[in-house]
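Participant: Starting off with a structure, shown below.
Each reported figure results from applying straightforward, stated rules to the coordinates on display, with no laboratory input. This one's a predicted model, so the numbers in the text were calculated from it and none came from an experiment. Quick reminder, even Gly has a Cβ in these numbers, built from the backbone with ideal geometry, and neighbours come from all protein chains shown.
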Amino acid sequence: MTKKILFIAPLFPQSNEEDYIAPFIAQFTTAFIENTEIEIDLISLFFPKSKPYIYNNVNIYPIGSGFKRYYLFFPYLIKAVYTGFLLCRKNNYDGILCFWYRESSLLGTILSYLFKIKLRVWMLGQDAKSSNKYPKLLRLKAEEIIMISKHQKLIFLNDHNIEAKRIANVSIDTKRFPPLNTGNREITILGVGNLNDLKNYSLFIDILNTIKKEYSTIKAVICGADTGDQANLEKKISDLGLQNNITFTGSITQKEVLNHMNNAKIFLHTSKFEGSGTVLHEALYSGCKVISTIPIENSIDIENSFFYSTNKKDIENKILVFLKSDFEVKRVEKFKMEDTVKDIYDSFYA
């Protein structure tokens, strides 16, 4: 008998060209199809707004709500329940996998209850924090929850007093990367992420201002769409006289981001919170030296390429150490996609 799982996600790309939309979910879903015998259907709640379509052999069923507040989302939730009801009645699913412990998990919980299907919720970011009300609403069991990292697991335990039983680490699709650039890299320091308070680019700029005192021609690039902070950041850059040192790319494709990583020496990640930043692993695989305010678990074996600290002075000192040392380019793959696929597969079938 054919094995089938229903995936539920908040958003999903409509084509391979939309590689900037939920890239990890799209890459993982494709890898899951390629590395298992499972057939996948996927309900996408917010985006795209389209008719059902096929993406890399996955049947996608968009609900198309957009980002709505709770009372405005309710009619779309009814549509999603109806869509899920029809799919579950037609298909003998072995399980439901929800991405993020939010609206996706609300739908998954309803369908799991109605059809007695095994439920798994994969927490991927800020849904671990105390501000997320869905854990109190849905009260899922610990064995139904999967974390993206030990770091996120500890946050969820501290904020919600629930100790998840499983971890499926963030990983990357190495086939998407350009050939490794072992020659000249024109970008000294690279940042990636939308321009908002969470990404904390104000700290990024302060650090760059310090490094400029020793490297006056330092070149930094920040890749990301303006989601509210660009005007403030540009003013700060102007006040510090860094206009010739920092460039904003605006919103660009995932392919373009990887090309920038392949042309950068140091990847600086100053985010205030991540479950386990995918960009850290992309930068490591691109040959960058990675300095981050977000940890990677068990990173001692990659300490020549990765440095974690939340202390500004320590970060600045480490950047200077990297800049003054011979720059060795090598790919680092901390977690493999096939292992992540196996962890999710085993949560249903082991």
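Participant: Working from Cα positions, state the angle (0 to 90°, nearest 10) between the long axis of helix 230-239 and the longest principal axis of the chain.
Facilitator: Approximately 10 degrees, to the nearest ten.
Participant: Rank the residues Tyr349, Tyr101 as a footprinting-exposure proxy: fewest other Cβ atoms within 10 Å of their Cβ go first.
Facilitator: Tyr349, Tyr101
Participant: Same structure, new question: Take the alpha carbon gyration tensor of the range 102-143, find the square roots of its eigenvalues, order them as a ≥ b ≥ c, and report rounded if a/c is under 1.5; if not, report prolate when a/b exceeds b/c, else oblate.
Facilitator: In terms of gyration-tensor shape, prolate.
Participant: Additional query: Put +1 on the Cβ of each Lys and Arg and -1 on the Cβ of each Asp and Glu in the range 216-350; which of Gly250, Leu240, Thr310 then has its Cα farthest toward the positive end of the dipole?
Facilitator: Of the listed residues, the answer is Leu240.
Participant: What dipole magnitude, in Debye to the nearest 20, does the chain give about its Cα centre under +1 on Lys/Arg Cβ and -1 on Asp/Glu Cβ?
Facilitator: 820
Participant: Can you tell me the 0 to 90 degree angle between the C-alpha axis of helix 312-324 and the longest principal axis of the chain, rounded to 10?
Facilitator: On a 0 to 90 degree scale, this one is about 70.
Participant: When a footprinting reagent is the concern and you count Cβ atoms within 10 Å, what order do Arg102, Arg89, Arg166, Arg69 take, fewest first?
Facilitator: Least to most surrounded, the residues fall as Arg69, Arg89, Arg166, Arg102.
Participant: Another question, if that's okay. Order of 278-291, 243-256, 147-160 by packing, highest average Cβ count within 10 Å first?
Facilitator: Going from most to least packed, we get 278-291, 147-160, 243-256.
Participant: Considering only DSSP beta bridges where both residues belong to the range 32-139, give the percentage that are antiparallel (nearest 5).
Facilitator: 25
Participant: Counting DSSP beta bridges with both partners in the chain, what percentage is antiparallel, nearest 5?
Facilitator: That works out to approximately 5 percent antiparallel.
Participant: For a label point 7 angstrom out from the Cα of Tyr349 toward its Cβ, which stretches of the range 79-97 have the backbone nitrogen within less than 17 Å?
Facilitator: 92-97
Participant: Charges at C-beta only: +1 for Lys and Arg, -1 for Asp and Glu. How large is the resulting dipole of the range 71-121 about its Cα centre, in Debye rounded to 20?
Facilitator: That gives the range 71-121 a dipole magnitude of about 120 debye.
Participant: For the pair Leu137/Arg331, report the inter-label distance in nm, with labels modelled 7 Å from Cα in the Cβ direction.
Facilitator: For Leu137 paired with Arg331, the spin-label model returns 4.2 nm.
Participant: Below 18 Å, Cα to Cα, which lysines can Lys199 reach? Residues fewer than 8 away in the same chain don't count.
Facilitator: Lys129, Lys235, Lys236, Lys272, Lys312
Participant: If we sort 170-176, 191-197 on the protection proxy, mean other Cβ atoms within 10 Å, highest first, what's the order?
Facilitator: The most tightly packed comes first, giving 191-197, 170-176.
Participant: Stretch Asp94-Asp339 to full length: gain in nm at 0.36 nm per residue minus the Cα-Cα span?
Facilitator: Gain on extension, Asp94 to Asp339, equals 86.2 nm.
Participant: Same structure again: Between Phe32, Ile43, Tyr134, whose Cα lies farthest towards the positive end of the dipole of the chain when Lys and Arg beta carbons carry +1 and Asp and Glu beta carbons carry -1, centred on the Cα centre?
Facilitator: About the Cα centre, the residue reaching furthest to the positive side is Tyr134.
Participant: Return the distance in nm (one decimal) between the two label points of a simple spin-label model at Leu242 and Asp159, each offset 7 Å from Cα along Cα→Cβ.
Facilitator: Label-label distance for Leu242 and Asp159, simple model: 2.7 nm.
Participant: Give the angle, between 0 and 90 degrees and rounded to the nearest 10, that separates the Cα long axis of helix 150-160 from the longest principal axis of the Cα atoms of the chain.
Facilitator: Value to nearest ten degrees: 60.
Participant: If you don't mind, another one. Could you sort the peptides 25-32, 78-85, 294-301 by per-residue average Cβ neighbour count (10 Å cutoff), highest mean leading?
Facilitator: My ranking of the peptides, most packed first, is 25-32, 78-85, 294-301.
Participant: Among Pro179, Tyr215, Leu203, flag the residue with its Cα farthest along the positive direction of the charge dipole of the chain, charges on Cβ as +1 for Lys/Arg and -1 for Asp/Glu.
Facilitator: Farthest along the dipole direction, towards plus: Leu203.
Participant: Note the full-extension length gain between Val321 and Lys235 as 0.36 nm times their separation in residues minus their Cα-Cα distance, in nm to one decimal.
Facilitator: Gain in length upon complete extension: 28.0 nm.
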